[in-house]
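Undergrad: The structure that follows is given in the form of structure tokens.
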Amino acid sequence: MRVALIGFGNVGRAFARLLESKRAQYPFRIVGIHTARHGTVYDPKRLPVVPQFGEAAPTVDAFLDRASPDVAIEITTLNPATGEPATSHIRAAFARHIHVITANKGPIAHAYAGLAGEAKREQVEFRFESTVMDGAPVFNMVRNTLPGVQILGFTGVLNSTTKLVVAAMQRGLTMAEGIAEAQAIGVTEADASFDIDGWDSAAKTAALANVLMDARVTPAQVDRQGIGDLTTAQAVQYEAERKTVLLVSRALRQGASLHLQVKPEVVADTNLLASMQGTSNLLLLHTDLMGTLGTCCLSPGVEQTAYGLFSDLVDIARSV
Ligand SMILES: NC(=O)c1ccc[n+]([C@@H]2O[C@H](COP(=O)([O-])OP(=O)(O)OC[C@H]3O[C@@H](n4cnc5c(N)ncnc54)[C@H](OP(=O)(O)O)[C@@H]3O)[C@@H](O)[C@H]2O)c1
């Protein structure tokens, strides 16, 4: 299959390395890469892992026309407020009958129902496993292994930065020092307030609810409170009491309505949710037929995000 990448940052480079390492068993070929500032590169045979970029294509449309891939992978920078321009990039691919995979949660949090409808009309596949849990199976698990199951709600600890910041504050550091620690290991969004104020978790909550519960919401409709009010004194006190503060995402159907929230919760160290340290994340699905079941990933990194894209690609290759 011919693959084109829109965006070639940390995730794109890790994905290119992964494809190279699995080339003998999975003969996918990257035939074009388009970026914002580094330019564009094409090779109808197969691009190397470290390509030499040339002049930028004038538009994503022009890029897709020339690269002519079977699958486009949208991995540009997240715009949490609108999901753009990623949503338009995805639409440009659908309009050309190109399957799409994305790790960018913006389009799923803002425009999932519309995009899924367009993909269906154009008879192309649309996959997004890496958008919420860095590649750990959530959407593919539900689609492929839970037929007939209704998702009634979910509980998730989905934001790494806040966990790292709270852990630093429980060691006596300020919130600013905790954010600096998280930034040093590269897990924060470009603007860390997006994590601290709960917008990242709200976007993930909206994305999960849109896909798994047909919620048709945007992140602004999630009842959201971040950890910005936490003080070092409080964090140190919780540490002494063997407790911690977690930013928890919850979805709960109440009759015909669906309540979505992101709130800091004080939990005992022994609580299952508190066992997710650092970048580890956990999602529990509350279902009608399977009770509560979950997925977790211990210390995922960019290689796992790249794997989520790869698993989507393999899934598409098997289904078309
Ligand atoms: N990093 C992770 O572990 C992780 C985990 C889960 C999901 N994600 C999501 O995956 C996506 C990519 O993350 P990343 O860490 O690879 O980001 P990144 O390192 O900042 O790279 C972003 C890439 O997108 C390109 N880009 C930005 N705007 C563009 C536009 N309008 N047209 C074409 N290219 C554009 C950039 O071009 P230049 O190179 O020219 O600047 C760059 O190559 C994001 O949506 C992120 O939220 C990341």
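The values are calculated or read from the model by the stated rules, or taken from the named source; none is laboratory data. For clarity, every value in this text was computed on a predicted model and none was experimentally measured. Counting neighbours? That spans all protein chains shown, and the Cβs are built from the backbone with ideal geometry, glycine included. Ligands, DNA and RNA are stripped out before the accessible areas are found, and what is left, the full protein with its side chains, is counted by its heavy atoms. Shrake-Rupley method; radii C 1.70, N 1.55, O 1.52, S 1.80 Å.
Undergrad: Among the numbered criteria (1) open to solvent by 10 Å² or more (accessible area, probe 1.4 Å); (2) in contact with a strand residue (DSSP E or B) (Cβ under 8 Å, 6 or more places away or on another chain), which single criterion is violated by GLU122?
TA: Unmet condition: (2).
Undergrad: Here's something else I'd like to know. Here are some conditions: (1) without any contact (Cβ under 8 Å) to a residue 40 or more places away in the chain; (2) under 21 Å from VAL60 (Cα atoms); (3) open to solvent by 10 Å² or more (accessible area, probe 1.4 Å). HIS110 meets all but one. Which one does it not meet?
TA: Here HIS110 clears every test but (1).
Undergrad: Among the residues of region 154-168, what is the count of those that are of a type in the set (A, V, I, L, M, F, W, C) and either more than 29 Å from LEU252 (Cβ to Cβ) or within 16 Å of the ligand (Cβ to nearest atom) (or both)?
TA: To start, the set of residues in region 154-168 that are of a type in the set (A, V, I, L, M, F, W, C) comprises 154, 157-158, 164-168.
Checking which are either more than 29 Å from LEU252 (Cβ to Cβ) or within 16 Å of the ligand (Cβ to nearest atom) (or both) leaves us with 157-158, 164, 168.
Residues that pass the stated criteria total 4.
Undergrad: Select, from THR82, THR35, THR59, THR76, the only residue that is touching a helix residue (DSSP H, G or I) at 6+ places or on another chain (Cβ under 6 Å) and not basic (Lys, Arg).
TA: Details: THR82 fails: touching a helix residue (DSSP H, G or I) at 6+ places or on another chain (Cβ under 6 Å); THR35 fails: touching a helix residue (DSSP H, G or I) at 6+ places or on another chain (Cβ under 6 Å); THR59 fails: touching a helix residue (DSSP H, G or I) at 6+ places or on another chain (Cβ under 6 Å).
Every option except THR76 fails the conditions.
Undergrad: Scan region 130-140 and tell me whether some residue there is within 15 Å of the ligand (Cβ to nearest atom), at pLDDT 95 or above, assigned to a strand (DSSP E or B) and open to solvent by 10 Å² or more (accessible area, probe 1.4 Å).
TA: Scanning region 130-140, I find no residue that is within 15 Å of the ligand (Cβ to nearest atom), at pLDDT 95 or above, assigned to a strand (DSSP E or B) and open to solvent by 10 Å² or more (accessible area, probe 1.4 Å), so the answer is no.
Undergrad: Here's a check for you: in region 171-214, which residue that is within 14 Å of the ligand (Cβ to nearest atom) and among the charged types (D, E, K, R) is modelled with the lowest pLDDT?
TA: Per the stated criteria, the residue is GLU189.
Undergrad: Can I ask one more? Looking at (1) farther than 18 Å from ALA306 by Cα; (2) touching a residue at least 60 places away in the same chain (Cβ under 8 Å), which is the only condition HIS38 fails?
TA: (2)
Undergrad: Restricting the search to region 86-107, which residues are open to solvent by 30 Å² or more (accessible area, probe 1.4 Å) and more than 17 Å from HIS34 (Cβ to Cβ)? Working first, answer last.
TA: Our first condition is that a residue be open to solvent by 30 Å² or more (accessible area, probe 1.4 Å); within region 86-107, this holds for 88, 91, 95-97.
The answer is HIS97, and nothing else.
Undergrad: Looking at region 150-169, is at least one residue open to solvent by 40 Å² or more (accessible area, probe 1.4 Å) and assigned to a loop (DSSP other than H, G, I, E, B)?
TA: Yes, region 150-169 has at least one match.
Undergrad: On to the next question. If I ask for residues that are touching a strand residue (DSSP E or B) at 6+ places or on another chain (Cβ under 8 Å) and either buried (at least 21 other Cβ atoms within 10 Å of the Cβ) or of a type outside the set (Asp, Glu) (or both), which ones from region 172-211 would you list? Steps first, please.
TA: To start, the set of residues in region 172-211 that are touching a strand residue (DSSP E or B) at 6+ places or on another chain (Cβ under 8 Å) comprises 197-199, 201-202, 204-206, 208-209.
GLY198, TRP199, SER201, ALA202, LYS204, THR205, ALA206, LEU208, ALA209 - these are the residues of region 172-211 that are touching a strand residue (DSSP E or B) at 6+ places or on another chain (Cβ under 8 Å) and either buried (at least 21 other Cβ atoms within 10 Å of the Cβ) or of a type outside the set (Asp, Glu) (or both).
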